[in-house]
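Here is the structure we will look at, set down as structure tokens.
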Amino acid sequence: MADATGEQVRLERVSIPAEGVVLSALTYTPRTDKRDLCVILSHGFTASKESVDLMAGYLCSRGYCCLTFDFRGHKLGGSSGDLNHASDILLDLEAAAHFALERFEKIRCILVGHSMGGLASVLTAESMPKVAAVVVIATGPRPSAGFRQPVGIAMLSQRSDYVSGAEPMALLEQLDELTAGFNGLGARPSLFVAAKGDAVVKPSRVRELADMAGPQAEYAEIEGSHLGALDRARGLVANWLDRQFG
């Protein structure tokens, strides 16, 4: 495939062994690969790796090796297993990150996540030294709160059967608990992106998580909704990564 910039992108299907499951994933490799790091992109709750494809393809067209994957239990995706506890998403992302580092032969990686994938990214980065930076889009420190509001209640009701395993609100509350123990990212750079029209995760909640990340965290706002934030943030994220890593 080729992006509008003309940079060729090689797309390959891969399978990643994780704890008790096999993750379905895609690698995006640019024609010109000069960086010593790669990008792992994580999707939101009830979604799949397809939802992060536009971001991955765009970043790859800008020269970044990328990997996307399906969290276990997500029926729109192709991974095996059930999502029985929120900690399972951290196991999946860590497995995906280690796979990407080896596959692309890189020494560092960047974690980019939307909504649930954003929380997974900051929590995984905290205990993974090879993570050089984190980009979080449309998420805050207490994810269950957004799904107790009218829009969130409607979304969860419509898509409650999209994930096999534990009950959805139980998983979100477990994520609340995991995030409560987040101690920040230290000196590593991070970008937190909020959508002005997000009715599920208000910008103030995204800023709250950015404050928890530490002094190197940057905060930005874009137009759009919760579900549309990922695609609208493509240019912002790519430019930020270029400033950080050339």
On the accessible surface of the chain, probed at 1.4 Å, how many percent belong to carbon and sulfur atoms? 49
At q = 0.21, 0.29 Å⁻¹, what is the base-10 log of I(q)/I(0) for the stretch 140-196 according to the Debye formula with one equal point scatterer per Cα and no solvent? Please give it to two decimals. -0.92, -1.19
For the stretch 1-107, just run the numbers: alpha carbon Rg, then divide by 2.2 N^0.38 Å, N being how many residues it has. 1.04
Residue-by-residue Karplus 3J(HN,Hα) for the stretch 166-183, coefficients 6.51, -1.76, 1.60, Hz, glycine and proline x: 5, 5, x, 5, 5, 5, 5, 5, 5, 5, 3, 5, 5, 5, 4, x, 5, 10
Go through the stretch 147-152 residue by residue and turn each phi into a ³J(HN,Hα) via Karplus (6.51, -1.76, 1.60, θ = phi - 60°); whole Hz please, and just put x for glycine and proline. 8, 9, 8, x, 5, x
Report the Cys residues of the chain lacking a disulfide-compatible partner, meaning no second Cys Cβ under 4.7 Å from their Cβ. Cys60, Cys66, Cys109
Just subtract the alpha-carbon distance of Ser80 and Asp242 from 0.36 nm times their residue separation and send over the number in nm, one decimal. 54.8 nm
I need to check one value: relative contact order of the stretch 1-85, counting alpha carbon pairs closer than 8 Å and at least 6 residues apart, in percent. 32
Convex hull per residue volume in Å³, alpha carbons only, for the stretch 69-119: 86
Between Glu102 and Gln216, what is the FRET efficiency for a Förster distance of 45 Å, r being their Cβ-Cβ separation, to the nearest 0.05? 0.95
Ala18's amide H: which non-local residues (gap 5+, or another chain) put their own amide H closer than 5 Å, with H modeled 1.01 Å from N in plane and none for Pro or chain starts? Leu23
Just how far, in whole angstrom, is the stretch 9-52 from the stretch 185-233 if you go by their alpha carbon centroids? 22
Which loop GluC sites (Glu not before Pro) in the stretch 64-147, with loop taken from DSSP, have no more than 13 other Cβ atoms within 10 angstrom of their Cβ? Glu105
Give or take rounding to whole Å, what are the principal axis extents of the alpha carbon atoms in the stretch 198-246, in descending order? 34, 25, 11
List the relative contact order of the chain as a percent without decimals, with contacts defined as Cα pairs under 8 Å and 6+ residues apart. 17
Sequence-distant residues sharing a close amide H with Cys38 (under 5 Å, placed H): Arg108, Cys109, Ile110
For the stretch 96-110, in residue order, the Karplus 3J(HN,Hα) values (coefficients 6.51, -1.76, 1.60; θ = phi - 60°; whole Hz; Gly and Pro = x) are 5, 5, 5, 4, 4, 4, 6, 4, 8, 6, 10, 9, 9, 9, 10
Given the protein chains as shown and a 1.4 Å probe, how many square angstrom of Thr139 are accessible, to the nearest 10? 10
Starting from the amide H of Phe192, placed 1.01 Å from N in the peptide plane, find each other amide H under 5 Å away whose residue is 5 or more places distant or on another chain. Val136, Glu218, Tyr219, Ala220
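Excluding ligands, DNA and RNA, what is the solvent-accessible area per residue of the stretch 1-120 at a probe of 1.4 Å, expressed in Å²?
With all protein chains present, the stretch 1-120 gives 39 Å² per residue.
Using just the helices of the chain, give the 222 nm mean residue ellipticity in deg cm²/dmol: DSSP H runs with n ≥ 4 each add -39,500 (n - 2.57), and the total is spread over all residues, rounded to 500.
Only helices count here, giving -11000 deg cm²/dmol.
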Taking only pairs that are 8 or more places apart or on different chains, how many Lys pairs in the stretch 24-174 have Cα atoms under 24 angstrom apart? 6
By its C-alpha gyration tensor, with a ≥ b ≥ c as the square roots of the eigenvalues, how is the stretch 151-243 shaped: rounded for a/c under 1.5, else prolate for a/b larger than b/c, else oblate? oblate
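The values are calculated or read from the model by the stated rules, or taken from the named source; none is laboratory data. Note that the structure is a prediction, hence the values are computed from the model and not measured. Don't worry about glycine lacking a Cβ; one is built from the backbone with ideal geometry, like all the others, and counts go over all protein chains shown. We work out accessible area using only protein heavy atoms, side chains counted, and drop any ligands, DNA or RNA first. Shrake-Rupley method; radii C 1.70, N 1.55, O 1.52, S 1.80 Å.
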